[in-house]
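Since the structure comes first, as structure tokens, the remarks are kept for the end.
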Amino acid sequence: MHNVRIGIDIGGTFTDIVVLRDDRSFKTFKVLTNPKEPWISFIRGIEVSGTRLSNAHIIVHATTLGSNLLLGQVGLEIPNVTLLTNEGFIDILEIGRQNRPELYNLFFKKPKPLIPRSRRFGIKSRISADGTELEPLDTKSVKKLASEWCDKTDVFVVVFLHSYRNPKHEIKAKEVIKEVCPNAEIVLSSEVDPQPKEYERMSTAVVNAILKPILSKYLTILKNELLKRGFKGKLLIMQSNGGIVSSDKAIEVPAAFIESGPAAGVIATAYTSKALNISYALSFDMGGTTAKVATILDGEPLTIPEFEVGGQTHMGRLLRGSGYVVRYPFIDLVEVSAGGGTIAWVDAGGALRVGPMSAGANPGPACYGKGGTQATITDANFLLNRLPNTLAGGKIILKRDLAIKALRKLGESLGLDLHETAYAIIRVANTLMSKAIRLVTIERGLDPRKFTLFAFGGAGPLHAAEIAMELGISKVIIPSYPGVFSALGLLLADYKHEALISILKSVDELREESIEVFASKLEDKLTSMLMSEGIPKNRIRIMRFLDMRYRGQEYTMTIPYRDSLHNAINEFLRKHLLRYGFTIPGEVIEVTTLRVTAIGLVDKPNILRETICKSYEPKPIGHREVYFGEWVKTSIYHRESLKAGAQIEGPAIIESNDSTILIPPGLKAYVDCHNFIVIEVKRGGSHYH
């Protein structure tokens, strides 16, 4: 076998590995994550899989290293970064925008600037908004600063006003710094984010500068460890927009990979829903630390143009102004603290709360027996007999006495008995996750009842049916490998590169010929990048977009551009009416940015193999009492023994090595011809609780 592909997704609790072999067969594996040194989990996962790396030609990796750094994970230190900007503008990073995440909190503190004021310097230089030079760059000051800070700086970041229109001062500053400090890492805002809005551009450039040495060090360690073990293939990294790029390209723009881990599961759902001709799909990924939800329409995940990394959330909603702005496309994900290891607690008012604290992989839930003492969602499920006695294929043996001890302590504070406490934790967690789904549907103007819920992750299939009942969703689909579905998504992702150019003209001033000239240059650049990564030209797809707005508006709408400005204007008016409920006849429409996306298509594994479906009722391997507000005799099945056509009536539990599937009382499920488990949910649900 010399054509092995490996997907490795490092999560907060488990690291998932999928190995795709020559014969298109899969092998899946799980190991516990080492959050302080995630590369150890990466290598350990490969070792556990038994794969000879000399036979592997591609490894695709998803990491949350960037977000972990900016969330303050222990063991990750922010590098020393020095900022050069225009004289009088060194405080842009601190002033930011007037977004108040907590409107009535008089004691709210903005996030601490990533670069202290003592390392931010103003330089005489000025480019006007139209790109004209108003004041030349003071190269002597740049040279002096470079000499003074060369040995005390890991990365220089240069951000001058209006460099998106004319980057010559930034380019010159880089040249001067290189003369004095030839080995210096230098990040230019005009290269990483050539768009208007000085704060957003500065923040994006600074986040890139801070992550660059961290990601570079991490990937260097990975490459060296892989090389030692005989790997000679390509190491690819998942981006936050759902595309993959080479590890070398990843180091150039590390901020584009902040949410790469959660993106992989969404890509797997998008691929599957499109293959099944499901137009409205929800990706629901519940792991050991968080639950993540995304919306997919016609096989395409919804995306957003910017993200605030390290920001605070409230019930899954990101509080604008509480984090560090990164202006790159991200899959529109809502994440809530409701994973298996999420801790339940009692607040000052005596109410039960779930999250945001998590026991993670170490010490983990109390029932893991690794030192955890606080009750978690996993402890609650285990006590209610919804989980088997072992997890991860027998690697984790659960200890009931420790779960009881943790839940009893919590129950005493609530005035509830053991099982009432555990059941209350489940219901609160389900409410949190239902809220997340409402955020990506109802708050986007979409009806969740039209959607099919794809549930995966180690804990997703255990909660999906009850969440669907609460939201009126009529169908839940559990893929064949739910516990490692995100890692599988890594092998389904295409290469993806994006480039943009600022235009800032009204549609009356713009000509299609000018757009064509700009677009062709960007397309040539992106095509060259993909071809350098081994993608043949006939497998490259190009898409063009225009960011449009009414004059005077701050925010734009991204509109597909298909060589007709007239059609783009009509599409803008249609979308504006749909989103805001009005248009403004006669008002000037502006184009702020031209975007080009290049997709490099890869061969994908066939995860939808059809088999003969013959309806039958499988025999359970046993029964046990499971709590659904009361104890109910429940049938237990092994996932591996269920064939296509199996018909199952709830209450039932289907156990597998990587996940546990719950079918509540009153619901029915079947194994379809693709070997997926489909749970049919009655409208209004079976509200046994």
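The values are calculated or read from the model by the stated rules, or taken from the named source; none is laboratory data. Keep in mind the model is a prediction, meaning the values are calculated, not measured. Note that each Cβ is placed from the backbone with ideal geometry, even for glycine, and that neighbours are counted across all protein chains shown.
From Thr15, Thr51, Thr28, which residue is at pLDDT 85 or above and more than 20 Å from the chain's Cα centre (by Cα)? Exactly one of Thr15, Thr51, Thr28 is at pLDDT 85 or above and more than 20 Å from the chain's Cα centre (by Cα), namely Thr51.
Scanning segment 135-179 for residues that are among the aliphatic types (A, V, I, L, M) and more than 16 Å from Leu83 (Cβ to Cβ) turns up just one, Ile171.
Summed over segment 146-161, the residues that are modelled with pLDDT under 95 and closer than 16 Å to Ile90 by Cα give a count of 0. Scanning segment 534-550 for residues that are more than 30 Å from Arg579 (Cβ to Cβ) and either surrounded by 18 or more Cβ atoms within 10 Å (Cβ to Cβ) or in contact with a Gly (Cβ under 7 Å, 6 or more places away or on another chain) (or both) yields a count of 3.
Is it the case, given these coordinates, that Arg551 is in contact with an Asp or Glu (Cβ under 6 Å, 6 or more places away or on another chain), in contact (Cβ under 8 Å) with a residue 12 or more places away in the chain and among the basic types (Lys, Arg)? Spelling it out, Arg551 is indeed in contact with an Asp or Glu (Cβ under 6 Å, 6 or more places away or on another chain), in contact (Cβ under 8 Å) with a residue 12 or more places away in the chain and among the basic types (Lys, Arg). Based on this model, can you work out whether Glu498 counts as in a strand (DSSP E or B), touching a residue at least 60 places away in the same chain (Cβ under 8 Å) and under 21 Å from Gly243 (Cβ atoms)? Here the answer is yes, as Glu498 does meet what is asked.
Matching residues to (1) modelled with pLDDT under 95; (2) within 29 Å of the chain's Cα centre (by Cα); (3) part of a helix (DSSP H, G or I); (4) under 25 Å from Ile636 (Cα atoms):
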| residue | (1), (2), (3), (4) |
| --- | --- |
| Pro388 | yes, no, no, yes |
| Gly393 | yes, yes, yes, yes |
| Ala403 | yes, no, yes, yes |
| Gly411 | yes, no, yes, no |
| Ile425 | no, yes, yes, yes |
| Leu432 | yes, yes, yes, no |
| Ala436 | yes, yes, yes, no |
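The residue pairs whose first member lies in segment 288-303 and is closer than 28 Å to Met543 by Cα, whose second member is among the aromatic types (Phe, Trp, Tyr) and buried (at least 22 other Cβ atoms within 10 Å of the Cβ), and whose beta carbons are closer than 6 Å, counting only pairs six or more residues apart or on different chains, are Val293/Phe284. The set of residues in segment 544-596 that are assigned to a loop (DSSP other than H, G, I, E, B) and within 23 Å of Arg327 (Cα to Cα) comprises Arg551, Gly552, Gln553, Glu554, Tyr555, Thr556, Tyr561. Scanning segment 511-533 for residues that are exposed (fewer than 15 other Cβ atoms within 10 Å of the Cβ) and farther than 26 Å from Asp248 by Cβ yields Arg511, Glu512, Glu513, Ser514, Glu516, Val517. For segment 630-671, a tally of residues being in a strand (DSSP E or B), farther than 26 Å from Gly394 by Cα and either charged (D, E, K, R) or assigned by TED's automatic domain parsing to the domain that holds Lys30 (or both) returns 2.
Within this structure, Leu236 passes the test of being in contact (Cβ under 8 Å) with a residue 24 or more places away in the chain and part of a strand (DSSP E or B).
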